[in-house]
Amino acid sequence: MQKDLTEPKQPDIEELTNNEALKNRPIRSFVLRQGRLTTGQQRALEQVMPIFGVPYQPELLDLATVFGRTESKKILEIGFGMGESTAYIASLLPEQDFLGVEVHTPGVGSLLKQIDEQQLKNLRIIQHDAVEVLNHMIADASLDGVHIFFPDPWHKKRHHKRRLIQAGFVKLLCSKLKAGAYLHVATDWQEYAEWVLDVLKAEPQLENTAADYAPKPAYRPLTKFENRGIKLGHGVWDIVFLRV
Ligand SMILES: C[S@@+](CC[C@H](N)C(=O)[O-])C[C@H]1O[C@@H](n2cnc3c(N)ncnc32)[C@H](O)[C@@H]1O
């Protein structure tokens, strides 16, 4: 979920180090928290997931088959949280298809519920580590865009290695983007914004669409957290690069 802008919270490191299943990931960008499910999320997980969920399996996905159409743009969103922006963008752009990847079960339930309520046809969900999904399920040069909105900033210096945006991960993303496709990252943490800008600038397969930070693309909605942050005088940085 998007962090409280006034009080950045660090994930519980005890929880991290004690979780055997999470130890071998190349980037430990997330902590699996229990999180309570609402009745609506639970129901959506049971009834909507079988229709709009794509089970993780280490086999290439044919996105045209998944969405039932070939000509539409295919956009991947990594870490959609509770999915408010994802559902908004999918309803705004029905001619494009959106594949959302998230590990957090209440978030997955929440987006499934919105898919059902808003009758969204152009959205599918994979509940799994996005690094593994990219490595095993996404074909090279198959994506028209990638959204990464408010990735966990991992504020403390000793946790920076857990940041999702790292040189190796960006190379992996580049291999999945078509020529001319975009990578859009947004963050409300200035030091992470500078880090992301530096990592993306250093990748020769990417070119910036702006001198440094980009204007907020019209499709990305202002979330309530972001609005609250802006009222408190905090900034938000959008970073949009193109695959050359
Ligand atoms: C700070 S939240 C932001 C959520 C949402 N994008 C928003 O703007 O509110 C970051 C999300 O990324 C998810 N996440 C982090 N690393 C991930 C990974 N490797 N694969 C899938 N999801 C991941 C977390 O579970 C969390 O929900």
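The values are calculated or read from the model by the stated rules, or taken from the named source; none is laboratory data. Source: prediction; values computed, not measured. When we count neighbours, we look across all protein chains shown, and the Cβ atoms used for this are built from the backbone with ideal geometry, even at glycine. Note: areas computed on protein heavy atoms with side chains; ligands, DNA, RNA excluded. Shrake-Rupley method; radii C 1.70, N 1.55, O 1.52, S 1.80 Å.
General observations
- For Glu77, the residues 5 or more places off, or on other chains, whose built amide H falls under 5 Å of its own are Leu99, Gly100, Val101, His147.
- Region 25-116: translational diffusion in µm²/s, Stokes-Einstein, Kirkwood Rh over Cα pairs, 4 °C, 1.567 mPa s: 91
- Inter-centroid distance (Cα atoms) of region 49-71 relative to region 79-144, Å: 11
- Ranked by solvent-accessible area (1.4 Å probe, protein heavy atoms only, all chains present), the residues Trp154, Trp195 order from largest to smallest as Trp195, Trp154.
- Expressed as a whole percent, the accessible surface of the chain that belongs to carbon and sulfur atoms is 53, based on a 1.4 Å probe.
- Using the 1.4 Å probe convention, the accessible area of the chain works out to 48 Å² per residue with neighbouring protein chains retained.
- In Å, descending, principal axis extents of the Cα set of the chain: 41, 41, 39
- Amide hydrogen neighbours beyond the local backbone of Leu206, cut-off 5 Å, H modeled: Val244
- Here the Karplus relation 6.51 cos²θ - 1.76 cosθ + 1.60, evaluated at θ = phi - 60°, turns the backbone of region 220-237 into coupling constants of 7, x, 7, 7, 5, 5, 5, 4, 5, x, 5, 5, 7, x, 7, x, 9, 10 Hz, with x for every Gly and Pro.
- Calculated from backbone phi, Karplus (6.51, -1.76, 1.60) coupling profile of region 35-42 in Hz, x at Gly/Pro: x, 7, 9, 7, 4, x, 5, 4
- Derived scalar couplings between HN and Hα for region 91-99 equal 6, 6, 10, x, 7, 10, 10, 10, 10 Hz in order, rounded to whole Hz, by the Karplus curve 6.51 cos²θ - 1.76 cosθ + 1.60 (θ = phi - 60°), x for Gly and Pro.
- Considering helices alone, the calculated mean residue ellipticity of the chain at 222 nm is -9500 deg cm²/dmol, with DSSP H runs of length four and up weighted by -39500 (n - 2.57) and normalised per residue.
- Pairs beyond 26 Å (Cα-Cα), from Lys73/Lys231; Lys171/Lys224; Lys74/Lys156; Lys74/Lys201; Lys74/Lys216; Lys73/Lys113: Lys73/Lys231; Lys171/Lys224; Lys74/Lys156
- Dipole magnitude for region 39-243: about 400 debye, using +1 per Lys or Arg Cβ and -1 per Asp or Glu Cβ, origin at the Cα centre.
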